[in-house]
Amino acid sequence: MKKYIILSLFFLAVFVQSQAQTLPQVKIATQMGDIIVEIDTIKAPVTALNFLNHVKEGTFNNGVFYRVVRMDNQPINDVKIEVIQGGVFTEVRFEKIPPIVHETTDQTGIKHLDGTISMARMAPGSASTEFFICVNDQPELDFGGKRNPDGQGFAAFGQVVEGMDVVRKIQQLKDEGQTLVEKVAFKTECIK
């Protein structure tokens, strides 16, 4: 009887903890299908809240996936990666949106695995609206990775939970120098 009570309390504690830490989800709706991402507001609070604020404020209402990186379209890069990149692209408002503090994977523990969503940036602390989704594991994008010479990596903040087939279809679209010939428009909304 005692074992039953202890086991029941353990499962109850696990259930309560999992319910208390439900992470928000965002739907990225494209004409090719939907991508659902879970946003980790616990491990990457600054980056996650920045993304969620852009979703809520409608920043991505005219968003596009515009860049695809595959093994076959980065001939001058010694360290190759595979991602699709999107955001507001070249709109004037991109210049007016303030950047956020750089949360490294060393700080958050969120690695660039297949389906990880992360912020695009130039220098650390320059990310604002542009983001990418990893296709396959991309450890060179983590803190200490060699894709960016500064070694700070990129700020991962969530994970695709549905729609990696859509991500892979977008990655295979026709590009010129990693820029999609036909951009893939999207809209975002919080669904959970």
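Observations, loosely collected:
- Residue satisfying condition, being without any contact (Cβ under 8 Å) to a residue 60 or more places away in the chain and of a type in the set (D, E, K, R), within set Lys174, Lys146: Lys174
- Subset of the stretch 46-63 (residues that are within 14 Å of the chain's Cα centre (by Cα) and without any contact (Cβ under 8 Å) to a residue 40 or more places away in the chain): Leu49
- Residues being more than 15 Å from the chain's Cα centre (by Cα), of a type in the set (D, E, K, R) and more than 20 Å from Thr105 (Cβ to Cβ) - total across the stretch 127-178: 5
- Test: residue in the stretch 141-148 that is acidic (Asp, Glu) and farther than 14 Å from Phe89 by Cα: yes
- Looking only at residues in the stretch 145-163 that are over 10 Å from Pro124 (Cα atoms) and either in contact with a strand residue (DSSP E or B) (Cβ under 8 Å, 6 or more places away or on another chain) or in a strand (DSSP E or B) (or both), the one that is most open to solvent (accessible area, probe 1.4 Å) is Glu162.
- Hey, Thr90 of a type in the set (Val, Ile, Thr), open to solvent by 60 Å² or more (accessible area, probe 1.4 Å) and under 23 Å from His54 (Cα atoms) or not: yes
- Within the stretch 66-89, residues that are basic (Lys, Arg) have Cβ atoms under 7 Å from residues that are part of a loop (DSSP other than H, G, I, E, B) in these pairs: Arg67/Gln178; Arg70/Glu82; Lys80/Met71; Lys80/Gln74, counting only partners at least 6 apart in sequence or on another chain.
- Looking only at the stretch 98-128, and only at residues there that are among the polar types (S, T, N, Q) and buried (at least 22 other Cβ atoms within 10 Å of the Cβ), the one that is farthest from Phe65 (Cα to Cα): Thr105
- Any chance Val167 is of a type in the set (Val, Ile, Thr) and either in a strand (DSSP E or B) or surrounded by fewer than 21 Cβ atoms within 10 Å (Cβ to Cβ) (or both): no
- Where Val64 falls short, out of the listed (1) at pLDDT 95 or above; (2) over 18 Å from Ile110 (Cα atoms); (3) open to solvent by 80 Å² or more (accessible area, probe 1.4 Å): (3)
- Unmet requirement for Leu180, which otherwise passes all of (1) closer than 23 Å to Leu23 by Cβ; (2) hydrophobic (A, V, I, L, M, F, W, C); (3) open to solvent by less than 50 Å² (accessible area, probe 1.4 Å): (1)
- Every test in (1) at pLDDT 95 or above; (2) open to solvent by 10 Å² or more (accessible area, probe 1.4 Å); (3) in contact with a strand residue (DSSP E or B) (Cβ under 6 Å, 6 or more places away or on another chain) is passed by Lys192 save one, and that test is (1).
The values are calculated or read from the model by the stated rules, or taken from the named source; none is laboratory data. All values derive from a computational prediction rather than experimental measurement. A quick note on method: Cβ atoms are made from the backbone with ideal geometry, for glycine too, and the neighbour counts reach across all protein chains shown. For accessibility, only protein heavy atoms count, side chains too; no ligands or nucleic acids. Shrake-Rupley method; radii C 1.70, N 1.55, O 1.52, S 1.80 Å.
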